[in-house]
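The values are calculated or read from the model by the stated rules, or taken from the named source; none is laboratory data. The structure presented is a predicted model; accordingly, all values stated were derived computationally and were not measured. Here Cβ is always computed from backbone atoms with ideal geometry, including for glycine, and neighbour counts include all displayed protein chains. Calculation scope for accessible area: heavy atoms of the full protein, side chains included, ligands and nucleic acids excluded. Shrake-Rupley method; radii C 1.70, N 1.55, O 1.52, S 1.80 Å.
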Amino acid sequence: MALRTRLTQRLGIEHPVLCAPMGFVTGGKLAAAVTAAGGLGLIGGGYGDAEWLEREFAAAGNGRVGCGFITWSLATQPHLLKQTLVHAPAAVMLSFGAPEPFAAAIKASGTCLICQVQTMAHARAAVASGADIIVAQGSEAGGHGQTRTTFTLVPEIADYLTKAAPETVLVAAGGVADGRGLAAALMLGAEGVLVGSRFMMSEEALVPAGLHEAVARASGDATVRTTVLDVVRKLEWPPEHTGRALRNRFVDTWHGREGELGTADTVVREFERYTRARDAGDMDNTGIFIGEAAGLLNDVRPAGDIVRDMVAEAGQILTNRREPAR
Ligand SMILES: Cc1cc2nc3c(=O)[nH]c(=O)nc-3n(C[C@H](O)[C@H](O)[C@H](O)COP(=O)(O)O)c2cc1C
């Protein structure tokens with residue numbers, strides 16, 4: 001079963017499924033596995049770490065992969081973009097901040113520019129920057145984002161692109177974990193999906209011990225948008241962005257008490273506990289970014305199987321829809 005769309009055409013891939021560049025979670029092995037299965041994997045450059053990036057591009061082997069950055073953080077070490085472009089990535093994705101300072105260099109290198117957006121204003125800025133692909137990210141998504149939901153953001157941006165930038169390809173992100181999500185995204189006007197949480201529950205994801213078990217136990221009710229994990233790590237995110245994370249003892253203790261957490265002594269003490277808990281596999285006392293799709297994720301599977309099953313299920317749903325049962 002093949003689901004050919006303008007996304008598969010634009011990227012020269014078989015299936016309209018992208019693995020999200022989850023910072024330090026999507027390493028070269030996961031990205032390459034998604035590409036090998038017919039989608040496209042994007043290495044999670046995150047806040048930017050030159051050595052980590054080199055290691056993960058090497059881990060991708062000969063796999064054709066892309067790379068994503070947190071834009072406001074890339075602005076503090078812009079040389080990382082040049083370092084990345086040397087690897088001739090299939091695409092560079094920018095999220096969370098103005099794409100404009102980096103767009104020209106990416107496009108001039110012949111690399112596909114993907115911008116992940118959370119609002120209509122972001123979508124307009126992405127078009128103005130020359131984005132080839134726009135990822136509309138709804139608030140169901142794991143990790144950082146804003147408040148618009150996938151179900152309305154995707155068709156609104158689809159309508160806007162039809163009029164303003166018909167060549168720009170639209171991808172949906174946030175809450176897509178199986179073939180139902182992929183089929184729904186296509187129905188909403190997207191040409192494919194960018195998936196994070198489901199691939200976090202893959203064998204190839206770079207995650208601490210105990211994380212997979214904690215997510216498998218969680219329902220979709222158990223996540224919250226919060227700044228607690230940024231405050232404890234002393235990351236200065238623009239205030240309009242919060243991160244969707246699993247509610248656990250750490251988050252429940254500090255959510256709503258961020259001011260207190262951020263005070264000098266407390267943040268030092270709590271950051272130490274937070275990292276120690278992560279290293280010890282104590283998932284109740286550290287941070288886990290995950291989307292509302294947590295409630296759909298019960299098993300850990302090879303990333304390639306996730307891609308193949310998602311596409312097969314979506315194909316079946318879409319075929320049945322076109323041919324109603326007699
Ligand atoms: C653990 C985790 C880390 C993430 N890190 C990043 C990141 O560094 N950069 C980025 O652009 N998006 C990041 N995201 C968001 C994804 O790009 C994507 O929007 C999201 O995973 C889609 O929703 P889903 O999790 O429901 O699939 C992250 C998501 C998760 C779950």
| query | Do we find that V224 is over 19 Å from G44 (Cα atoms), within 16 Å of the ligand (Cβ to nearest atom) and either without any contact (Cβ under 8 Å) to a residue 60 or more places away in the chain or surrounded by 15 or more Cβ atoms within 10 Å (Cβ to Cβ) (or both) in this structure? | reply | yes
| note | Picking from V171, V195, V117, the residue that is at pLDDT 95 or above, among the β-branched types (V, I, T) and in contact with an Asp or Glu (Cβ under 7 Å, 6 or more places away or on another chain) would be V171
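Out of I317, I290, which single residue is within 15 Å of the ligand (Cβ to nearest atom) and either open to solvent by 20 Å² or more (accessible area, probe 1.4 Å) or within 24 Å of I43 (Cβ to Cβ) (or both)?
Step by step, each of I317, I290 is checked, and only I290 is within 15 Å of the ligand (Cβ to nearest atom) and either open to solvent by 20 Å² or more (accessible area, probe 1.4 Å) or within 24 Å of I43 (Cβ to Cβ) (or both).
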| Do we have T8 as away from the ligand (no atom under 16 Å from the Cβ), part of a helix (DSSP H, G or I) and open to solvent by less than 10 Å² (accessible area, probe 1.4 Å) here? | yes
| message | Pairs please, first residue from the range 150-174 and surrounded by 20 or more Cβ atoms within 10 Å (Cβ to Cβ), second anywhere and acidic (D, E), Cβ atoms under 7 Å, 6+ apart in sequence or on different chains. | response | T150/E140; T168/D132; V169/D132; V169/E191; L170/E191; V171/E191; G174/E140
| message | Looking at R273, R244, R308, R249 in this structure, which one is open to solvent by 10 Å² or more (accessible area, probe 1.4 Å), within 15 Å of the ligand (Cβ to nearest atom) and either closer than 19 Å to M22 by Cβ or at pLDDT 95 or above (or both)? | response | R244
| message | It is to be established whether one or more residues within the range 191-198 are touching a residue at least 12 places away in the same chain (Cβ under 8 Å), open to solvent by 20 Å² or more (accessible area, probe 1.4 Å), more than 14 Å from the ligand (Cβ to nearest atom) and over 18 Å from G23 (Cα atoms). | response | yes
| How many residues are among the charged types (D, E, K, R) and under 21 Å from the mean Cα position of the chain (by Cα) when one looks only at the range 64-108? | 2
| task | Kindly indicate which of G63, G68, G46, G41 is open to solvent by less than 10 Å² (accessible area, probe 1.4 Å) and assigned to a loop (DSSP other than H, G, I, E, B). | result | G46
| Looking at (1) away from the ligand (no atom under 15 Å from the Cβ); (2) closer than 24 Å to G23 by Cβ; (3) within 18 Å of the chain's Cα centre (by Cα); (4) among the acidic types (D, E), can you tell me which one E213 breaks? | (3)
| request: Answer yes if at least one residue in the range 19-27 is touching a Gly at 6+ places or on another chain (Cβ under 9 Å) and surrounded by fewer than 20 Cβ atoms within 10 Å (Cβ to Cβ), and no otherwise. | output: yes
| note | In the range 28-38, anything open to solvent by 10 Å² or more (accessible area, probe 1.4 Å) and either under 13 Å from the mean Cα position of the chain (by Cα) or among the polar types (S, T, N, Q) (or both) is listed as T35
| request: Just give me the residues in the range 276-287 being within 16 Å of the ligand (Cβ to nearest atom) and either modelled with pLDDT under 95 or not in a helix (DSSP H, G or I) (or both), in sequence order. | output: M283, T286, G287
| task | Could you please let me know if L53 is buried (at least 21 other Cβ atoms within 10 Å of the Cβ), away from the ligand (no atom under 12 Å from the Cβ), among the aliphatic types (A, V, I, L, M) and within 17 Å of G179 (Cα to Cα)? | result | no
